[in-house]
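Structure first, commentary second.
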Amino acid sequence: MSKYDFVTLEAKWQKKWDDVDLYKTTEDSSKESMYCLDFFPYPSGAGLSVGHCRNYVPTDTYSRFFRMKGFNVLHPTGWDAFGLPAENYAIKMGVHPEETTRKNTENYKRQMRLIGTTYDWNREVNSSSPEYYKWTQWFFLLLFEKGLAYQDYGSQWWCDDCKTVLANEQVEDGKCWRCGHEARKKDLKQWFFKITEYADRLIDDLDDLDWPEPIKIMQRNWINRSHGAKAVFKAETGDDIEIFTTRPDTLFGATYMVLAPEHKLVPKLTTPGQKEEIETYIKESAKISEIDRLSTDKEKTGVFTGSYATNPVNGERIPIWIGDYVLASYGTGAIMCVPAHDTRDFAFAKKFDLPIVEVVSPDGNPHELSDAYTESGIMINSGEYDGKNSEEFKKIITDWLKANGKGDQDINYKMRDWLISRQRYWGAPIPIIHCEKCGTVPVPKKDLPVKLPHIENFEPAGDGKSPLARATEFVNVKCPKCGGDAKRETDTMDGFACSSWYFLRFASPHVHDKAFDSEKVKYWLPVDVYVGGAEHAVMHLIYARFWTKVIFDAGLIDFKEPFTKLLNQGMLLASDHQKMSKSKGNVVTPDSMVEKYGADALRGYILFMGPFEGEVIWDEKGCAGVHRFLGRLWEMVTGNEYDVGGLDEKTETELRRIQHKLILKVTSDLENFRFNTSVSAFMESYNNLFKYFENKEVTNSKVWREVIETYLILLAPICPYITEEMWESVGHTESIHKQMWPKGDSSLAKDDVVKIPVQVNGKLRDVLEIEAGLPEEKLKELALASESVQRHIADKQVLKVIIPKGKLVSIVVK
Ligand code: ANZ
Ligand code: ZN
Ligand code: ZN
């Protein structure tokens, strides 16, 4: 018998599979399709850690399983290679990003092959290649044509360190998401995608998706749709101040107003005596991030403008303030303040000694308030409406506002349009030409791609302009409309644009004359199972949904949602319970584990560690354990003679039971991403089989062969190398990965059933049909629980229960 030499056999099969292009995928209308996709990776310089394997091994196992079940499986991958992280890495290394990207992708690919993944490399895509970004630009033009891409000035978040603008969601606690540098506001002209136009659909269509609930909640919160009302307050200057409120029921309690410091009416409303104080305040608040401004913990600040407005429902004269807790970019940038019912207004009113009027009462009586009452209740201090339920009153007063021309119902969203332009080198150039005569002119589609020029000095200069602005040959063009001198747009697209459509490209990665082949997309898409980290809950997953809807609206595809089912793998922590990171020196690479224990052991261990969606902690001993298990399996499978002699019926039944139990268990586990319990089932099954291992009569039999072969087939998606080798060693020439998934028979898997008569005082009262071999305690319990036995015991006292040889239950009562 040979030894389990994983090094040799893994190299051998790697090569053989390559030689026959085993995982090449082609469309086949006779087969049902299954599209299983991993979030395509940004190829970082650090390469893969075993943490990444927690994403790639399960999806690979799942894809292999579906192939064996007869599905035509698309399981591709590629590189999210454009964008800030790649560029920053290149700058750090002092190497051109083309070079670092090439190196890093090569290394990723090598590692992915090492762990036995079945990606079809014929379909590899790279978002930074002109063949790919040509189509990213084409989609940009589609959005532009539909009025969904536009340019606008605006106060933008800016990172002085990365020298680029940042989208709202890329600013965390006032800091740049990439480098942690303090972000600040800057006025710049930028490109936006009008994602807000899709806000309702992006919320409503979530309902039908098979996605983890926390991700859906995060998306809803990120879009944040608020239903409420607009109301107009007339200022004494004659200006109309419009406010947005989610609580129109509290209108009678509005005792002052606050405008965002940036609100356009502020200069006009400011009286001469307040001017200096107001101007100082405006300057100070420009330095504070939105998140801090909105925080309820932050000390409230503000300044009185000197002006007054009239409350439209009761004619009260109320002062107008400015304060940084009101954002210019949300609603109308102005609010009515109801200190009795809003926490932030309460703190503000207390600080500046403004009146607090309770209008919603829990019991209909007035109270001394020590804090805002934010629930619903019964209206008080609201004129003729006193006594009404506050929820019902919302509609009544909104209708009243509308009837009197003082407001209407309104909906607001927190989500902003997606800022997509970057003043950076490493991205897809925005395909626009600026002409003095014709204005903003799209690059004709026949001229795509607008190639990113190779420039040696690609670092941002810090002037707020893209490095491409320095590439004069790139910049100066003829206007496609009038033929006059014109200039190219020099901004590039946010990396998230590239990843908003890549799942479409995999269906036909090499078509040259269109973004995708519709027939192939129809066959493969939408993605059936999409798997990746929960950190992409918003940005990527919302942007991709948005593009899909735009492409659907353009009539190019027939589905509205790109990812039918979404799963998030749990985090893998290092043995020190911390995130694996280079700086902590706790990274474990798949390379080192494959070298020591083999890829199959690593795969088995990754799956075995714990439930797919839970957090797990790396422990090399576990990997070594799976390796030892595979070694024992090797011994059990190799070195048998097989196919000589028959087997007695009882042993055959027992072996079949082990076989079919395993089929049923592994099938349902893999279908449901319960990889850890399926690995346990293999170990348990091995132990049951091992009891027969010393018995040559058994291990030489035909039945033994069948049981072992089933075992190997079932294990193949998890441990592709060792199973392929053993499959060959028991005499097969066709790859195990081409075998059909076996069908389990639940009647064969069932444990033996025995009939046990139950007597009460010597008379037969019931016959139990139960699993063979139950302990006596259990038998006694079942017998006493029997309905007919209960009837015969009634109120009598049980003296004793005898179970002779476990074949009969005899109950004696008095
Ligand atoms: C009066 C009121 C009374 C409010 C009350 C709340 C409770 P969401 O759910 O976030 O949409 N608001 C409106 N525009 C704002 C802005 N630009 N900056 C800061 N706050 C703003 O919340 C909407 C509520 O937030 C609005 O309803 C308004 O305060 C405030 F008992 O109006 B409310
Ligand atoms: Zn930064
Ligand atoms: Zn022109």
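None of the figures in this text is laboratory data; all of them are computed from the coordinates on show. Note that this is a predicted model, so its numbers are computed, not measured. Glycine also receives a Cβ, built like all others from the backbone with ideal geometry; neighbour counts cover every protein chain displayed.
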Worksheet entry | Förster-model FRET efficiency, 35 Å R0, residue 279 and residue 169, C-beta, rounded to 0.05 | 0.65
Discussion item. Give me P(r) over the stretch 751-814, computed from all C-alpha to C-alpha distances, binned every 5 Å, as integer percentages.
Written reply: 4, 19, 34, 25, 12, 5, 1, 0
Worksheet item: Debye sum, Cα scatterers, the stretch 377-480, no solvent: what log₁₀ I/I(0) at q = 0.14, 0.22 1/Å?
Response: -0.68, -1.21
Worksheet item: Where does the stretch 674-814 land on the Kirkwood hydrodynamic radius, alpha-carbon pairs, in angstrom?
Response: 19.0 Å
Fill in: Between helix 130-145 and the chain: long-axis angle, C-alpha atoms, 0 to 90°, nearest 10
50 degrees
Fill in: Candidates per GluC sites (Glu not before Pro) in the stretch 706-798, loop by DSSP, up to 14 other Cβ within 10 Å
734
Fill in: For the stretch 138-227, alpha-carbon Rg over 2.2 N^0.38 Å
1.30
Discussion item. For a Förster distance of 25 Å, can you work out the FRET efficiency between the beta-carbons of residue 781 and residue 745, rounded to the nearest 0.05?
Written reply: 0.25
Worksheet item: Rounded, prolate or oblate: which fits the chain when a ≥ b ≥ c are the square roots of the eigenvalues of the alpha-carbon gyration tensor, with rounded for a/c under 1.5 and prolate only if a/b beats b/c?
Response: oblate
Item to complete: Using only the alpha carbons, work out the radius of gyration and Dmax of the stretch 631-724 in angstrom.
Response: 13.1, 40
Worksheet entry | Model label zone, residue 642; criterion: amide N under 14 Å from point 7 Å along Cα-to-beta-carbon; scope the stretch 678-707 | 699-707
Worksheet item: Between residue 677 and residue 236, what is the spin-label point distance in nm, taking each point 7 Å from the Cα along the Cα→C-beta axis?
Response: 7.2 nm
Discussion item. Compute the helix-to-body angle for 6-19: its Cα long axis versus the longest principal axis of the chain, expressed 0 to 90° and rounded to tens.
Written reply: 70 degrees
Worksheet entry | Inter-site label distance for residue 463 and residue 22 at 7 Å from Cα along Cβ, in nm | 5.7 nm
Worksheet item: Going by alpha carbons, how many degrees (0 to 90, nearest 10) lie between the helix axis of 776-785 and the longest principal axis of the chain?
Response: 70 degrees
Discussion item. Please state the shape class of the stretch 471-586: rounded when a/c is under 1.5, otherwise prolate if a/b exceeds b/c and oblate if not, all from the C-alpha gyration tensor.
Written reply: oblate
Discussion item. As a test of understanding, state the convex hull volume per residue of the stretch 193-339 from its alpha carbons, in Å³.
Written reply: 143 Å³
Practice prompt. Please work out how much length the chain gains when fully extended from residue 687 to residue 470, using 0.36 nm per residue of separation minus the C-alpha to C-alpha distance, in nm with one decimal.
Written response: 71.2 nm
Item to complete: Any chance you could run the full-extension gain for residue 403 through residue 794? It's 0.36 nm times the residue separation minus the Cα-Cα distance, nm to one decimal.
Response: 133.1 nm
Discussion item. Give me the extension gain from residue 696 to residue 201: residue separation times 0.36 nm, minus the current Cα-Cα distance, reported in nm with one decimal.
Written reply: 171.6 nm
Practice prompt. Describe numerically, in nm with one decimal, the distance between label points set 7 Å from Cα along Cα→Cβ at residue 761 and at residue 584.
Written response: 7.2 nm
Item to complete: Find out how many positive minus negative residues lie around residue 38, taking Lys and Arg as positive, Asp and Glu as negative, among other residues whose Cβ is under 12 Å from that of residue 38.
Response: -1
Worksheet entry | Sum of side-chain charges, residue 450 neighbourhood, beta-carbon under 10 Å (Lys, Arg +1; Asp, Glu -1) | +1
Response to the item:
Net charge (Lys, Arg +1; Asp, Glu -1) of residues whose beta-carbon lies under 12 Å from that of residue 612, residue 612 excluded, is -1
Worksheet, complete the sentence: In whole percent, the Cα-Cα distances of the stretch 478-529 spread across 5 Å bins from 0 upward as 4, 16, 17, 14, 12, 13, 12, 7, 4, 1, 0
